[in-house]
Structures are given as structure tokens and as C-alpha cells.
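Have a look at the structure below before the remarks.
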Amino acid sequence: MTTTTNSRYVIRQPDVLSGEPIIKGSRTPVRAIVENWRLGIRPEEIPLHLPHLTLAQVFDALSFYLDNQAEIKAIRNSQFAIRN
């Protein structure tokens, strides 16, 4: 089952990354795009690092992040805690 969001390219699927927001048609989490952006990679360059994504998907993911920062930060923090 897919859960829609108010985004064209961002969805949630409970069976993919525990429902973390991902790019539709992929397993790429919004978090991965945001992490690239926060490292100083320009949105236009992110598809060079993640070539299966379009520029439209990158901008939509960043827009989703800006509207849902607390959720994405909580996911990022929980992933960091799991690694340590």
C-alpha cells in the first residue's frame, strides 16, 4: 500500500524503509537528497550523484523537506542513533 503526500514525487510505503518518505518509483529517501544538499551540493548537481533521479524529483524532495523539516530531522536522528 502506498500513502500519498501533498507532493508530486514523494510517497510513503510502509514496506519500504519503514514508511520513510521516498521518491516515487524508487527506494531513495528524501533524507538522502537533503543530506547531499546540506553538504553543499547544488540541487542541479544532485542528479549527477543520484542519476536515477530527475531534477524535478530533487526539487520536489527539497520542497517536501522544507515543509516537513521536523519529520525528516527525526528520521535522520534515528538513523544516526542506529549506526552508533
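Return yes when L50 is touching a helix residue (DSSP H, G or I) at 6+ places or on another chain (Cβ under 9 Å), of a type in the set (A, V, I, L, M, F, W, C), surrounded by fewer than 15 Cβ atoms within 10 Å (Cβ to Cβ) and at pLDDT 95 or above and no when it is not.
no
Checking S78 against (1) over 15 Å from Y9 (Cβ atoms); (2) surrounded by 15 or more Cβ atoms within 10 Å (Cβ to Cβ); (3) at pLDDT below 95, only one condition comes out false. Which one?
Among (1) over 15 Å from Y9 (Cβ atoms); (2) surrounded by 15 or more Cβ atoms within 10 Å (Cβ to Cβ); (3) at pLDDT below 95, the lone unmet condition for S78 is (2).
Which residues, counting only those in the range 5-21, are closer than 12 Å to D60 by Cβ, open to solvent by less than 30 Å² (accessible area, probe 1.4 Å) and either part of a helix (DSSP H, G or I) or modelled with pLDDT of 95 or more (or both)?
V10, I11, P21
Looking at the range 35-55 only, could you name the residues that are touching a residue at least 24 places away in the same chain (Cβ under 8 Å) and under 13 Å from the mean Cα position of the chain (by Cα)? Walk me through it before giving the result.
Filtering the range 35-55 for residues touching a residue at least 24 places away in the same chain (Cβ under 8 Å) gives 35, 37, 52-53.
Within the range 35-55, E35, W37, L53 meet the criteria.
Starting from the range 3-30, keep only residues that are basic (K, R), then list their pairs with residues that are part of a loop (DSSP other than H, G, I, E, B) whose Cβ atoms are within a distance under 6 Å, requiring at least 6 positions of separation or different chains.
R12/P21; K24/Y9; R27/V16
Just to verify a result, which residue in the range 53-75, among those that are part of a loop (DSSP other than H, G, I, E, B) and modelled with pLDDT of 95 or more, is surrounded by the most Cβ atoms within 10 Å (Cβ to Cβ)?
L53
The values are calculated or read from the model by the stated rules, or taken from the named source; none is laboratory data. Everything numeric in this text was worked out from a predicted model, so none of it was measured. Please note: Cβ atoms are built from the backbone with ideal geometry, for glycine as well, and neighbour counts cover all protein chains shown. We work out accessible area using only protein heavy atoms, side chains counted, and drop any ligands, DNA or RNA first. Shrake-Rupley method; radii C 1.70, N 1.55, O 1.52, S 1.80 Å.
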